[in-house]
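In what follows, a structure is listed as structure tokens, so that the remarks can point back to it.
The values are calculated or read from the model by the stated rules, or taken from the named source; none is laboratory data. The structure presented is a predicted model; accordingly, all values stated were derived computationally and were not measured. No Cβ is skipped: glycine too gets one built from the backbone with ideal geometry, and neighbour counts run over all protein chains shown.
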Amino acid sequence: MKFGVVVFPGSNCDQDSVDVLGNILGQEVVKLWHKDHDLQQCDFIILPGGFSFGDYLRSGAIARFSPIMQEVIQFANKGGYVMGICNGFQILAEAGLVPGALLHNDHRKFNCKNIFLKPQTLDSLVTNQLGLNKALKIPVAHGEGNYFADADTLKMLNDQDQILFKYCDEAGNISLESNPNGSIQNIAGVCNKQRNVFGLMPHPERAADSLLGNQDGLGIFESILKTVDA
Amino acid sequence: MEYNQLTTLETANDLGLRPEEFERIKEILGRTPNFTELSIFSVMWSEHCSYKNSITWLKTLPKDGPRMLAKAGEENAGMVDLGDGIACVFKIESHNHPSALEPYQGAATGVGGINRDIFTMGARPVAQLNSLRFGDINQERTKWLIKGIVKGIGDYGNAFGIPTVGGEVFFDDCYNVNPLVNAMSAGILEVGDMISATSFGVGNPVFIVGSATGKDGIHGAAFASKNITEDSVNDLPSVQVGDPFQEKLLLEASLEVIKTGAVIGMQDMGAAGIICSNAEMSAKGEHGMRIDLDKVPMRQPNMEPFEILLSESQERMLIVVEKGREAEVQVVFDKWDLNCIQIGEVTANGRLEYYVHDELVADVPADDLVLGGGAPVYEREYKEPAYFAENKKFNIEDITEPEDLKVAAMHLISHPNIASKRWVTEQYDSMVGAATITTNFPSDAALTSIKGTNKALALTIDCNSRYVYADPQKGCAIAVAEAARNITCAGGEPVAITNCLNFGNPYVPEVYWQFVSAIKGMSEACVKFETPVTGGNVSFYNQSTDDGPVFPTPAIGMLGVLDNVENRMSLDFKKAGDLIFLIGENKNDISSSEYLASFHKVSASPAPYFDLDEEYDMHQVVKQLILSKVIESAHDVADGGLYITLLESAMPRGLGFDIESDDEVRKDAFLFGEAQGRVLVSVKADKEEEFVELMATSEVEFSLLGTVSEGDLLVDGELFATVQESKEVFDNVLHHILGQA
């Protein structure tokens with residue numbers, strides 16, 4: 001399986017994703033420059049974290065117009081796999097590839113810390129190897145991660161099982177206190193209706209190396225490999 | 001004033017130059033300078049650029065060592081050899097004055113500046129730290145400063161994409177008017193890949209790259225060399241505006257352009273802008289430059305020559321390129337959509353000649369502008385202040401021991417100087433780069449793994465400025481010792497330091513005495529720990545007209561290395577039942593402790609107990625304990641004393657402690673005293689014998705304090721609190737004062 005990690009000007013988690021996929025999981029992985037139109041026959045595209053174009057307007061609002069994004073959108077619309085992490089999720093939302101929007105955190109501060117996530121469905125490429133009851137310790141690092149969707153969209157997300165992750169506490173309780181940014185229904189990650197585009201605010205690539213003492217994020221990548229290789 | 005008009009002593013005075021300096025300038029030029037030229041000298045000879053009032057003493061610091069690859073003063077930052085072909089470039093710098101006026105941009109551009117110092121040498125920054133000092137946290141202005149400064153550091157560093165892994169935050173009324181903002185960065189490169197800040201080769205083109213030049217930050221370096229007064233608000237244009245997105249692009253483009261091999265020299269533009277980089281690079285390469293100022297990309301029309309030269313617009317670099325290879329450079333900056341404009345070329349005569357539309361507007365010799373060249377050097381007089389002798393009269397017996405020490409313990413846990421700084425640190429991305437080991441292994445120093453190797457950097461900034469005020473020589477030696485202790489407790493080997501010397505007005509003899517004494521203390525300790533001084537920054541004039549100088553604050557940024565990251569050590573107790581030992585000795589000492597200062601409100605006391613030789617010996621035995629895998633945790637006893645150290649080791653895993661106090665010393669001194677040279681360790685019961693045997697190979701004192709408990713905090717059988725209730729308070733002190741938002 002060949003992964004492509006898009007590099008926008010201002011991306012800063014691109015190398016971290018490349019390291020996890022290439023060094024830890026031994027996958028073929030290339031970086032895709034935002035000015036290019038060539039996805040280099042990748043099977044899976046990752047939009048990494050960072051501050052694309054400085055995020056001075058709305059996070060992701062400019063990156064979605066990058067040349068490579070026109071190819072990514074076409075690829076996704078044809079069923080190609082795309083995952084956006086943090087800024088990547090914001091770009092996917094701006095591009096309309098996943099429902100909802102990411103607002104400023106309710107406390108109005110950037111927030112970086114370990115939080116806990118609870119997978120909400122096993123019926124997705126990125127969660128199928130996870131459990132529904134175990135809370136995963138994964139870091140967040142964002143100022144605009146407050147997921148919002150209107151009532152109709154929320155109903156659709158719930159009805160169609162599109163919610164991938166919710167914020168929870170260490171014991172797995174999905175509570176107000178465990179919500180780091182004010183996200184509606186504690187939503188941390190969603191997929192599109194066709195279940196080939198995935199967005200999440202937390203950073204699984206920062207919780208994959210044993211050296212860092214936390215590999216709770218590895219399961220997300222392993223889910224991808226397991227399904228696609230099978 | 002017209003740029004070409006000849007100047008007078010009055011103008012020189014307005015620009016902050018002294019009469020004898022004006023005379024010297026006329027002598028150098030052989031004529032009266034015009035306004036542009038005088039402006040050039042005023043910034044280049046400001047304290048900020050020339051170190052004229054500090055260099056005599058800075059030269060006494062130890063700067064040699066077997067690992068040194070670029071020594072203090074040689075390049076933009078110090079560079080040390082970490083072995084296996086890997087080198088580390090690191091430096092700390094202040095941005096105090098801008099942050100006092102415009103906290104957000106002042107702090108943000110401090111972060112930008114220090115990182116450019118690192119990547120201009122060809123190193124990729126991998127970790128940032130900062131040291132912040134504020135006044136009374138309950139004052140509205142202080143809250144405004146904290147919120148602005150922390151957000152400024154966060155927004156810049158987070159977008160730049162390098163983790164902020166450590167630092168310190170300290171509050172004292174002496175910083176009410178003049179906060180301190182010191183930013184540190186460390187970068188990694190391969191030995192031999194360094195790019196120097198030099199310029200040579202007649203005819204080689206000179207490029208300016210990065211952001212356009214605007215009117216921001218003009219005379220910023222001169223501004224940093226003045227006291228803060230009510231009129232300082234008029235200096236607001238002296239504060240620069242930062243753009244971390246441009247900085248990120250500049251980082252990637254700079255590292256990429258170095259790989260072309262076409263670059264002769266490169267220097268960032270920070271303090272004193274174009275003129276400083278032109279002068280320093282030319283002086284180093286013993287050449288000159290002809291520069292066409294009208295070619296500089298400008299952000300606004302009608303900029304005067306002196307404004308273009310002195311502008312401190314951020315995110316710019318000056319690059320001297322091998323003639324004929326311009327296209328290779330251009331293609332890199334085109335890729336990153338950055339300006340890359342040739343503005344001049346290298347000349348043979350050692351002069352800096354500035355033209356506007358082919359008219360010569362300034363002509364000055366490069367070497368006479370810079371430190372080590374013609375910049376003035378002053379020996380300032382100094383005098384021991386009266387308070388120093390007063391402090392020594394302090395007697396612990398004059399302090400009544402409180403009946404209920406639990407109240408004092410809770411006071412300390414609730415104090416902003418002791419409590420968790422997570423309100424601050426969680427606003428920084430501490431994990432980008434996926435190399436921060438200490439996220440999940442809390443340690444006394446931040447540990448950053450060096451990708452592709454088994455090594456890790458250990459980084460810390462330390463300075464208890466209350467100790468330094470009490471006794472500058474001893475206090476500064478303590479700052480170095482504490483930094484080394486933190487590195488050691490994290491499993492690292494101390495390698496070298498960078499310093500940020502924040503003091504008051506050097507023309508006040510009592511202030512200068514603090515400076516001289518601190519330098520002496522730093523020297524002693526750096527020699528002992530074999531940690532040469534690789535450079536740093538001097539920030540004088542940290543005082544206000546009303547409140548006098550801030551505490552002398554020589555922040556010590558120390559770099560350590562772990563050759564094998566498996567030898568790291570964390571500070572948290574691992575398991576109930578483990579034994580708790582104190583390495584080092586209890587002392588009947590509460591001098592300059594947080595307990596004495598804020599609980600008893602006594603400010604006149606000497607620095608706490610400290611013995612440099614004992615301290616060093618203690619570190620060596622801690623290293624052995626870590627390498628021999630005999631201990632489960634190590635945490636140094638610092639601010640707040642032993643009780644706070646115990647609590648900090650207990651909290652991460654929700655454990656507690658059950659200890660007995662020492663009959664030889666007062667119980668308040670035992671619990672809250674800040675005598676130096678102590679480290680708290682925990683040991684599995686079945687390793688006790690091994691531990692005692694290893695300790696017996698040294699002369700270092702140690703004692704069994706008790707055991708790790710399930711969560712109760714017990715001293716002599718008395719329940720002080722539970723870990724849960726203590727943690728609840730400890731974690732939320734700053735949130736309660738500063739609010740959630």
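Listed here are the residues, each with its yes/no results for (1) assigned by TED's automatic domain parsing to the domain that holds B:Val692; (2) at pLDDT below 95; (3) over 19 Å from the mean Cα position of the chain (by Cα); (4) among the polar types (S, T, N, Q).
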| position | (1), (2), (3), (4) |
| --- | --- |
| B:Thr488 | no, no, yes, yes |
| B:Glu493 | no, no, yes, no |
| B:Ala525 | no, no, no, no |
| B:Thr531 | no, no, no, yes |
| B:Ile583 | yes, no, yes, no |
| B:Ser591 | yes, no, yes, yes |
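Which of (1) of a type in the set (Val, Ile, Thr); (2) assigned to a loop (DSSP other than H, G, I, E, B); (3) more than 10 Å from chain A (Cβ to nearest Cβ) does B:Val432 not meet, given it meets every other one?
Evaluating B:Val432 over (1) of a type in the set (Val, Ile, Thr); (2) assigned to a loop (DSSP other than H, G, I, E, B); (3) more than 10 Å from chain A (Cβ to nearest Cβ) leaves (3) as the failure.
How about segment A:1-79: which strands (runs of 3 or more DSSP E) wholly inside it have at least 3 residues that are within 18 Å of the chain's Cα centre (by Cα) and within 30 Å of A:Asn105 (Cβ to Cβ)?
In segment A:1-79, A:2-7, A:44-47 are the strands (runs of 3 or more DSSP E) which contain 3 or more residues that are within 18 Å of the chain's Cα centre (by Cα) and within 30 Å of A:Asn105 (Cβ to Cβ).
Under 9 Å by Cβ, and 6 or more places apart or on different chains, what pairs join a residue from segment B:638-654 that is in contact (Cβ under 8 Å) with a residue 24 or more places away in the chain with one that is among the β-branched types (Val, Ile, Thr) and in a loop (DSSP other than H, G, I, E, B)?
Close Cβ pairs satisfying both conditions: B:Asp639/B:Ile418; B:Gly640/B:Ile418; B:Gly641/B:Ile590; B:Ile644/B:Ile418; B:Ile644/B:Val637; B:Thr645/B:Val637.
Being within 14 Å of chain B (Cβ to nearest Cβ) and of a type in the set (Gly, Ala, Ser) is the filter; apply it to segment A:112-161 and report the residue that is nearest to A:Asp209 (Cα to Cα).
Within segment A:112-161, the match that is nearest to A:Asp209 (Cα to Cα) is A:Ala141.
All but one of (1) touching a residue at least 40 places away in the same chain (Cβ under 8 Å); (2) surrounded by fewer than 24 Cβ atoms within 10 Å (Cβ to Cβ); (3) farther than 21 Å from B:Lys71 by Cα hold for B:Pro163, so report the exception by its number.
(2)
Which condition breaks for B:Lys215 when tested against (1) more than 30 Å from A:Asn87 (Cβ to Cβ); (2) at pLDDT 95 or above; (3) in the same structural domain as B:Ile291 (by TED's automatic domain parsing); (4) touching a helix residue (DSSP H, G or I) at 6+ places or on another chain (Cβ under 6 Å)?
Evaluating B:Lys215 over (1) more than 30 Å from A:Asn87 (Cβ to Cβ); (2) at pLDDT 95 or above; (3) in the same structural domain as B:Ile291 (by TED's automatic domain parsing); (4) touching a helix residue (DSSP H, G or I) at 6+ places or on another chain (Cβ under 6 Å) leaves (2) as the failure.
Run down A:Val29, A:Val20, A:Val72, A:Val7 and say which single residue is of a type in the set (Val, Ile, Thr), over 19 Å from A:Pro202 (Cβ atoms) and within 11 Å of chain B (Cβ to nearest Cβ).
Of the residues listed, the single one that is of a type in the set (Val, Ile, Thr), over 19 Å from A:Pro202 (Cβ atoms) and within 11 Å of chain B (Cβ to nearest Cβ) is A:Val7.
Within segment B:640-657, identify whether any single residue is closer than 21 Å to B:Pro494 by Cα, under 32 Å from the mean Cα position of the chain (by Cα) and part of a helix (DSSP H, G or I), and answer yes or no.
No, the conditions are met nowhere in segment B:640-657.
Are there any strands (runs of 3 or more DSSP E) wholly within segment B:79-186 with 2 or more residues that are of a type outside the set (Ser, Thr, Tyr) and within 14 Å of chain A (Cβ to nearest Cβ), and if so which?
B:124-134, B:164-171
Would you tally the residues in segment B:605-625 being within 27 Å of the chain's Cα centre (by Cα) and farther than 17 Å from B:Glu585 by Cα?
Number satisfying all stated conditions: 3.
Quick check, is B:Lys323 over 35 Å from the mean Cα position of the chain (by Cα) and of a type in the set (D, E, K, R)?
yes
Being at pLDDT 95 or above and assigned to a strand (DSSP E or B) is the requirement here; does B:Thr438 meet it?
Taking the combined requirement at face value, the residue does not satisfy it.
Looking at segment B:374-413, which of its residues are surrounded by 16 or more Cβ atoms within 10 Å (Cβ to Cβ) and small (Gly, Ala, Ser)?
Scanning segment B:374-413 gives B:Gly374, B:Ala375, B:Ala408, B:Ala409.
Hey, does segment B:412-422 have a residue that's within 14 Å of chain A (Cβ to nearest Cβ) and more than 30 Å from B:Asn588 (Cα to Cα)?
Yes, there is a match, as at least one residue in segment B:412-422 is within 14 Å of chain A (Cβ to nearest Cβ) and more than 30 Å from B:Asn588 (Cα to Cα).
Please go through segment B:48-61 and pick out each residue that is at pLDDT 95 or above, in contact with a Ser or Thr (Cβ under 7 Å, 6 or more places away or on another chain) and either among the small types (Gly, Ala, Ser) or surrounded by 19 or more Cβ atoms within 10 Å (Cβ to Cβ) (or both).
Passing the criteria: only B:Leu61.
Considering only segment B:56-93, state which residues are of a type in the set (A, V, I, L, M, F, W, C) and more than 18 Å from the chain's Cα centre (by Cα).
If the condition is that a residue be of a type in the set (A, V, I, L, M, F, W, C) and more than 18 Å from the chain's Cα centre (by Cα), then B:Trp57, B:Met68, B:Leu69, B:Ala70, B:Leu82, B:Ile86, B:Ala87 are the ones that fit.
Filter segment A:177-210 for residues that are buried (at least 20 other Cβ atoms within 10 Å of the Cβ) and free of Cβ contacts under 8 Å to residues at least 60 places away in the same chain; which is farthest from the other protein chains (Cβ to nearest Cβ)?
Filtering segment A:177-210 for residues that are buried (at least 20 other Cβ atoms within 10 Å of the Cβ) and free of Cβ contacts under 8 Å to residues at least 60 places away in the same chain, the one farthest from the other protein chains (Cβ to nearest Cβ) comes out as A:Asn186.
Identify, from the list B:Met303, B:Met289, B:Met317, the residue that is over 29 Å from B:His95 (Cα atoms) and either hydrophobic (A, V, I, L, M, F, W, C) or surrounded by fewer than 16 Cβ atoms within 10 Å (Cβ to Cβ) (or both).
B:Met289
I'd like the full set of residues that are in contact with a helix residue (DSSP H, G or I) (Cβ under 7 Å, 6 or more places away or on another chain) and either more than 18 Å from B:Gly584 (Cα to Cα) or surrounded by fewer than 24 Cβ atoms within 10 Å (Cβ to Cβ) (or both), limited to segment B:678-690.
B:Val683, the sole residue that qualifies.
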